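The values are calculated or read from the model by the stated rules, or taken from the named source; none is laboratory data. Quick caveat: nothing in here was measured; it's all calculated off a predicted structure. Cβ atoms come from the backbone with ideal geometry, glycine included; neighbour counts cover every protein chain shown. Areas reflect the complete protein model, heavy atoms only, side chains present, ligands, DNA and RNA absent. Shrake-Rupley method; radii C 1.70, N 1.55, O 1.52, S 1.80 Å.
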Amino acid sequence: MNIDLHSHSTASDGLLKPEELVARAVANGVEVLALTDHDGVSGLSEARARAEAEGLRFVDGVEISVTWEGSAVHIVGLQIDPENPVLRSGLESIREGRARRAEKMGDALAAAGVPDSLAGAKTYAENPDLISRSHFARHLVKTGRAPDVKSVFQSYLVKGKPGFVPHQWASLAQAVSWIRASGGTAVVAHPGRYKFSKPELQVFLAQFRDCGGAGIEVVTGSHSPEQYLEFARVAREFGLAASRGSDYHGKGESKADLGALPQLPDDLKPVWHDW
Ligand code: AMP
Ligand code: MN
Ligand code: MN
Ligand code: MN
């Protein structure tokens, strides 16, 4: 089965509308797709309707922004109930923080000689309720500050650069509890992207599991083949179920296309095992 459990639409920082994303997944041979937009669920109903029309199995998902020990970490929720009030109010609280951060980013970039970037970012954000660094990045590429999104991040938007604004997202326990309150499974997104030392990763995963987390992405567009093996070992060590997802955002912005990933190692328990 070709199962892709991590993707983004214009409801957050993806480039395709929810229904266009589903159509692309079908064209790529994906059989089960989760839409996991950042900190919101507003794209799910459109995606589900198109998936049902196309005969694709659709999984309601979300990717929640978390601050753990001062670092940003992402927790994916799968098979959530998007109507659940606990989940909805939690996500709303994060989105309010995003709006404030975007204002500060605009000010910080202006102070560094890059004017009007918030207005520019807003022209790329189809969902005015969800402004991310990706929207700033697209505007900065368009205005010639850097050749592509990746280099804009490196020069402007990561820690230590002029447009980076430190921000407090949800706590790990909050994110996991909101996902669980809505009947979902909590999964650590792209663990290979975090700059944790080995001991920090151990403490993080132990806390994640202790507060009810159940899975970890092993095969993702963010991992190298060596990292597939590394995080397969981590999944075994911590007794976590394994997930597979491209983290597709759109053409030219993602390493892996929808569904275009190796399968999970056979011995791991997949997150979808009990669905
Ligand atoms: P935010 O949640 O607003 O901090 O934005 C995070 C998003 O920016 C991620 O979900 C990615 O889509 C994108 N992103 C983060 N780091 C990079 C990078 N180095 N290159 C390209 N995109 C990135
Ligand atoms: Mn993103
Ligand atoms: Mn992420
Ligand atoms: Mn993602």
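Could you quote the convex hull projected area for region 221-275, Cα atoms only and averaged over all directions, in nm²?
Working: hull surface 16.8 nm².
Mean shadow area of the hull around the Cα atoms is 4.2 nm².
Bridgeable lysines around Lys17 (alpha carbons under 20 Å apart, same-chain partners fewer than 8 residues away excluded): Lys122, Lys251, Lys255.
Given a Förster radius of 25 Å and the C-beta distance between Asp129 and Lys198 as r, what FRET efficiency does 1/(1 + (r/R0)^6) yield to the nearest 0.05? E(calc), rounded to 0.05, equals 0.05.
When Rg and Dmax are taken over the Cα atoms of the chain, they come to 17.8, 53 Å. Indicate the gyration tensor shape class of region 90-139 (rounded, prolate or oblate), computed on the Cα atoms with a ≥ b ≥ c the square roots of the eigenvalues: a/c under 1.5 is rounded; otherwise a/b larger than b/c is prolate and the rest oblate. Here region 90-139 falls in the oblate category. Computing Rg and the Kirkwood Rh from the Cα coordinates of region 144-275 gives a ratio, Rg/Rh, of 0.99. The listed residues Met105, Met1, once ranked by accessible area (1.4 Å probe) with the largest placed first, stand as Met1, Met105. In this structure the chain gives 44 Å² per residue of accessible area when probed at 1.4 Å with all protein chains present. Considering only beta bridges that DSSP places wholly inside the chain, some 40 percent are antiparallel. So if I place +1 on the C-beta of Lys and Arg and -1 on the C-beta of Asp and Glu, and nothing else carries charge, what would the dipole magnitude of region 166-275 be about its Cα centre? I want it in debye, nearest 20. Dipole of region 166-275, to the nearest 20 debye: 160 debye.
Can you pull the percent of region 1-116's accessible area that's carbon plus sulfur, 1.4 Å probe, other chains left in place? Its accessible area is 47 percent carbon and sulfur atoms. According to the square roots a ≥ b ≥ c of the eigenvalues of the Cα gyration tensor, what is the shape class of region 66-105, taking rounded for a/c under 1.5, prolate for a/b larger than b/c otherwise, and oblate for the remainder? Taking the square roots of the gyration eigenvalues as a ≥ b ≥ c, region 66-105 is oblate. Pairwise Cα distances in region 1-65 exceed 14 Å for 45 percent of all pairs. Kirkwood's formula applied to the C-alpha pairs of region 161-228 gives a hydrodynamic radius of 13.5 angstrom.
Listed values for region 69-77 are Karplus-derived 3J(HN,Hα) couplings in whole Hz (6.51 cos²θ - 1.76 cosθ + 1.60, θ = phi - 60°), namely 6, x, 10, 7, 9, 10, 10, 8, x, and x replaces Gly and Pro. Simple rule: put +1 on each Lys or Arg Cβ and -1 on each Asp or Glu Cβ in the chain, find the dipole, and look at Leu172, His223, His139; the Cα lying farthest toward the positive end is His139. Peptide packing: for 178-184, 163-169, the average count of neighbouring Cβ atoms within 10 Å per residue gives the ranking 178-184, 163-169, highest mean first.
Computed with a 1.4 Å probe on the full set of protein chains, the accessible area for Tyr228 sits at about 40 Å².
Anisotropy class assigned to region 1-136 is prolate, per the alpha carbon gyration tensor with a/c at or over the 1.5 cut-off and a/b larger than b/c.
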